[in-house]
Structure formats: structure tokens, C-alpha cells
1. Any idea of the accessible area per residue across the chain, 1.4 Å probe, to the nearest Å²?
2. Please report the relative contact order for the chain, taking Cα pairs under 8 Å with a sequence separation of at least 6, and give it as a percent rounded to a whole number.
3. Binned at 5 Å from 0, what are the whole-percent values of the Cα-Cα distance distribution for the chain, short to long?
4. Given a 1.4 Å probe and every protein chain left where it sits, what share in percent of the accessible area of the chain is carbon and sulfur?
5. Under a Cβ-only charge scheme (Lys and Arg +1, Asp and Glu -1), can you give me the dipole magnitude of the chain about the Cα centre, in debye to the nearest 20?
6. For the stretch 17-61, take the alpha-carbon Rg, divide it by the Kirkwood Rh, and send me Rg/Rh.
7. Run the simple label-point estimate for A8 and A51 please: 7 Å along Cα→C-beta, distance reported in nm.
Amino acid sequence: DIGRAAAALCEPGEGVMIDGGSTTLQMCPHLDGKNLQVLTNSLHIVRALLAQPGPRVLVPGGAVFREQNIILSASGDDLM
């Protein structure tokens, strides 16, 4: 599956950026144990990764868009 294949590209201990989306959300179960530092704008991905003990989760500052469950910069800058 796509999520498993994408997660396989992540090396243990590295930093990755994961944009919001249903496909990227499928990566999360396959990231367990990799101890990644993850920057994401997706509240769904934050929730999925917080259930795992290893990843360090970072989010950009900005406004929360409820319909998409993502955070976007209030100034229009792409902080990701």
C-alpha cells in the first residue's frame, strides 16, 4: 500500500515533513518505531503520531481550518 511504501522511505531518527491528506495519513501506522521528528500541518496526523511513543511532532503556527483539519499560516506564508 502507498502508506507503507512512503514510510519505508523514512530513515530512523530523521526529520520529515508530512503534509495533510488522506494518503499521507496512511503512513502513520508504519512510522512507529522510527523515532522521527515530524513537521505536519494536519491535525489528523498529529493525533495519529501522538498515539506512538517515539515521534517528536511539530506544527506550524497559523489558523486551524476545521473542514480540512489543517493549520495554515495566517499571513499566507507557507511555513512548511
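The values are calculated or read from the model by the stated rules, or taken from the named source; none is laboratory data. From a predicted model like this one, the values you see are computed outputs, not experimental measurements. Heads up, the Cβs are rebuilt from the backbone with ideal geometry, glycines too, and the neighbour counts pull from every protein chain shown. Side chains are part of the model used for accessible areas, which takes the heavy atoms of the whole protein and leaves out ligands, DNA and RNA. Shrake-Rupley method; radii C 1.70, N 1.55, O 1.52, S 1.80 Å.
1. That works out to 62 Å² per residue.
2. 25
3. Taking every Cα pair in the chain, the percentages come to 3, 16, 28, 26, 15, 9, 3, 0.
4. Looking at the chain in its full context, I get 54 percent from C and S.
5. 240
6. Reported Rg/Rh (Cα atoms, Kirkwood Rh): 0.90.
7. My value for the distance between the label points is 2.3 nm.
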